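To start, the structure itself, in structure tokens.
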Amino acid sequence: MHVVSEKGAAGGGLRERKKRATRAALAEAAVRLAAEHGAEKVTAEAISAAAGVSVRTFFNYFDTRDDAFVVIDADAGARMRQAVLDAPAALSPLEALRDAMAAELAEAEQQHELWQLHAQVLHASPHLLVRSLGAHLADETELAEVIAARIRSGGRPASVPAPGAGSDEERRRALDLYPRLLAAVAGTAVRISVEHWCARQEEAAFPDVFREVFALLAAGLPAPPA
């Protein structure tokens, strides 16, 4: 899931924070206009006007009009990957990824309405949905590569053979399968967390739902009591 955030990777200076804020404002304006009028009827000029910037500024941040609907926060994936690499070595890959995702989702309770609008816009425009899925898969692949790098450097779950343990084929297979599976499952866990919380906001705060979902993953998805 792509998120809207003005948090910076490693803090960032004032100039970078302003750039992220401008991009976030353009993305939000695009989603809200598309939800109201339909993405096909929304122009780059209308998005720029709603965000209070020039059309030239719009194209400083997006190559095409459609990019404003699809890639809400282009820096979120990079921040998350860096957080996974920088996490304490004592954390398992799952724990490192959970904490990195939690940091990106810290403002989820304030942003859920925009997320819902974004989902509506994508499902109403099949070509945007396809592009969004492509972007998601690309992010997932890059995240898997980072998880694999973390495992090679020493942060690994007990189920993944350490260097020197098991056969070469077992190590190769583990380093191929585990990162890809973890990246894919974690993305699904975020989606389920958001959908469940949006439907039952009165029952629990979003961070509690998110942590519960990842606790179930860490436990190996045991069946709940009848």
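Figures for the structure shown
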quantity	calculated
Residue check, R79 out of contact with any strand residue (DSSP E or B) (no Cβ under 9 Å at 6 or more places or on another chain), on the phi < 0 side of the Ramachandran plot, open to solvent by less than 40 Å² (accessible area, probe 1.4 Å) and of a type in the set (K, R)	yes
Residue count for the stretch 135-148, restricted to those that are of a type in the set (G, A, S) and either open to solvent by 50 Å² or more (accessible area, probe 1.4 Å) or over 13 Å from L182 (Cα atoms) (or both)	2
Where A124 falls short, out of the listed (1) surrounded by fewer than 16 Cβ atoms within 10 Å (Cβ to Cβ); (2) under 16 Å from the mean Cα position of the chain (by Cα); (3) more than 18 Å from A25 (Cα to Cα)	(2)
All helices (runs of 4 or more DSSP H) inside the stretch 1-118 with 3 or more residues being touching an Asp or Glu at 6+ places or on another chain (Cβ under 7 Å) and modelled with pLDDT under 95	14-37, 76-86
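The values are calculated or read from the model by the stated rules, or taken from the named source; none is laboratory data. All values reported here derive from a predicted model rather than from experimental measurement. Note: ideal-geometry Cβ built from the backbone for every residue, glycine included; neighbour counts use all protein chains shown. Each accessible area value is taken on the protein alone, full model and side chains, heavy atoms only, with ligands, DNA and RNA left out. Shrake-Rupley method; radii C 1.70, N 1.55, O 1.52, S 1.80 Å.
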